[in-house]
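The values are calculated or read from the model by the stated rules, or taken from the named source; none is laboratory data. Note that the structure is a prediction, hence the values are computed from the model and not measured. Note: ideal-geometry Cβ built from the backbone for every residue, glycine included; neighbour counts use all protein chains shown. The area values use the complete protein model at the heavy-atom level, side chains included, leaving out ligands, DNA and RNA. Shrake-Rupley method; radii C 1.70, N 1.55, O 1.52, S 1.80 Å.
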Amino acid sequence: MGFDIRTVAEDEFEAWQTTNSVAFFSHIPPDTGSRWKRPFVDLDRCWAAFDNGRPVATLRSFGNEITVPGGAQVAADAVTNVAVLPTHRRRGSLNGMMSASLAQAAERGDPVSILIAARWLIYGRYGYGPATEGASYTVSTEGFALRPEVARLAGTGSIEIVKPAELRAQVDAIFDRFRAGQVGAIKRQPELVDRTLGLNVGPPGFEPPKGYCALRRDTEGRPDGYLHYDVDDAWQGMQPDCTLTVHDLVAATPAAYAALWAFCAEMDNVVRVKAADRSVDEPLRWLLQDGRAMTRDHQDDMVWLRILDVAKALSARSYRVAGALVVQVTDPHGHAEGRYLLDGGPDGASCSRTDAPADLTLPAYALGAAYVGGTRLRNLASGGGVTEHTPGALSRADLMFLSEVTPWCNTWF
């Protein structure tokens, strides 16, 4: 007997939240958790698989947008809270919810859908490909010294310690300036920003990250960067052994970027700085006199992307070099299926359906992975994900899709 796949009614939301909490091993009380969460959830985009009237799997989405090469911000259906009870695994509930949610997003006109995958093996079959990556770093303060010209730039403004509420008043404007130039960046949900800063305490049992807030201003007093951090205050005997953990460092200008990193690394008693969810192409190394003061600890996939409207999505971004391609997209779910003529370059692009012979054939997941320019089409082809029909088409496409700015998303959802 199959599941009843549908959106959740108001009086079913607490049961939906209970299912999600159990599946994710959460100990936050479902009743208080659902009361806290409900104002932020659109029930028309909140899905469940019901077994005899009881939700046994959950999924929801919300509206967002992602910055693409060229600076456009493309509307994105952001999928989250995907979970299945351990008693109902491998019985088709995820297939039902994903199919319904994607059909809804396509009907709504969203060009792309995004998510963060708990498991690599799950989402390729739904047309998603890994489009951005993130990395974690450790910076040794003993070897930290900015290059002289960078130090002069970093010293042109000011940094002050502020209360969370003071920082919150500046965060949105700074972050919007940052994401306008950062390919792969997405909007942040206001309630999660509040919760991270401790301004919205969240449901009972949730502990917001403890820490301090710093606001950077340029020479004219305009905020252009901010930092949320904590220090563990550890010692070895009489020697400081403190680690500063960066919760969030956002800079809208190169000067703010250099100044905030220097603020972290030059703090008294701090011997190392640790930062997660950073770019795999973090520029800090090249700002230092000794690049080995910075080491990468970890790297992994972050945002997975699925294209729903190929013509709209490919027309929205710019391309590294000028060129024209006919691309055949295969999609078992049908949303991206078809043959498209892409004509694009640094100044923009157009894309429309065509009957011309295909230069390349690729599945929806490969197009999603390559869309913001962080995953090389050449690498996808080496794994069988792209088929070249016209000699030279793969090299041309690889250069066209490559982003000048390394895609990076520093926002969980």
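Do we find that Val280 is β-branched (Val, Ile, Thr), in contact with a Leu (Cβ under 8 Å, 6 or more places away or on another chain) and in a loop (DSSP other than H, G, I, E, B) in this structure? No: the conditions fail for Val280. Restricted to region 213-232, and to residues there that are touching a strand residue (DSSP E or B) at 6+ places or on another chain (Cβ under 6 Å) and open to solvent by 50 Å² or more (accessible area, probe 1.4 Å), the residue that is nearest to Gly157 (Cα to Cα) is Arg217.
Could you tell me which of the residues Trp408, Trp412 is in a loop (DSSP other than H, G, I, E, B), on the phi < 0 side of the Ramachandran plot and open to solvent by less than 20 Å² (accessible area, probe 1.4 Å)? Write out each step before concluding.
Working: Trp412 fails: open to solvent by less than 20 Å² (accessible area, probe 1.4 Å).
Residue meeting the stated conditions: Trp408.
Looking at this structure, is Ala145 over 28 Å from the mean Cα position of the chain (by Cα) and aliphatic (A, V, I, L, M)? Explain how you work it out, then say what you get.
Details: over 28 Å from the mean Cα position of the chain (by Cα): yes; aliphatic (A, V, I, L, M): yes.
Criteria met by Ala145.
Touching a residue at least 40 places away in the same chain (Cβ under 8 Å), surrounded by 17 or more Cβ atoms within 10 Å (Cβ to Cβ) and in contact with a strand residue (DSSP E or B) (Cβ under 8 Å, 6 or more places away or on another chain), is that true of Gly373? I'd like the intermediate steps shown before the answer.
Working: touching a residue at least 40 places away in the same chain (Cβ under 8 Å): yes; surrounded by 17 or more Cβ atoms within 10 Å (Cβ to Cβ): yes; in contact with a strand residue (DSSP E or B) (Cβ under 8 Å, 6 or more places away or on another chain): no.
So Gly373 does not fit the description; no.
Output the residues belonging to region 233-257 that are under 23 Å from the mean Cα position of the chain (by Cα) and either open to solvent by less than 20 Å² (accessible area, probe 1.4 Å) or aliphatic (A, V, I, L, M) (or both). Let's see the steps before the verdict.
To start, the set of residues in region 233-257 that are under 23 Å from the mean Cα position of the chain (by Cα) comprises 245-254, 256-257.
Of everything in region 233-257, those that are under 23 Å from the mean Cα position of the chain (by Cα) and either open to solvent by less than 20 Å² (accessible area, probe 1.4 Å) or aliphatic (A, V, I, L, M) (or both) turn out to be Val246, Leu249, Val250, Ala251, Ala252, Ala256.
For region 93-122, the candidate set comprises residues that are small (Gly, Ala, Ser) and out of contact with any Phe, Trp or Tyr (no Cβ under 7 Å at 6 or more places or on another chain); within that set, the residue that is most open to solvent (accessible area, probe 1.4 Å) is Ala118.
Please state which one of Thr7, Thr67 is buried (at least 20 other Cβ atoms within 10 Å of the Cβ) and among the polar types (S, T, N, Q). Just one listed residue meets the conditions, Thr67.
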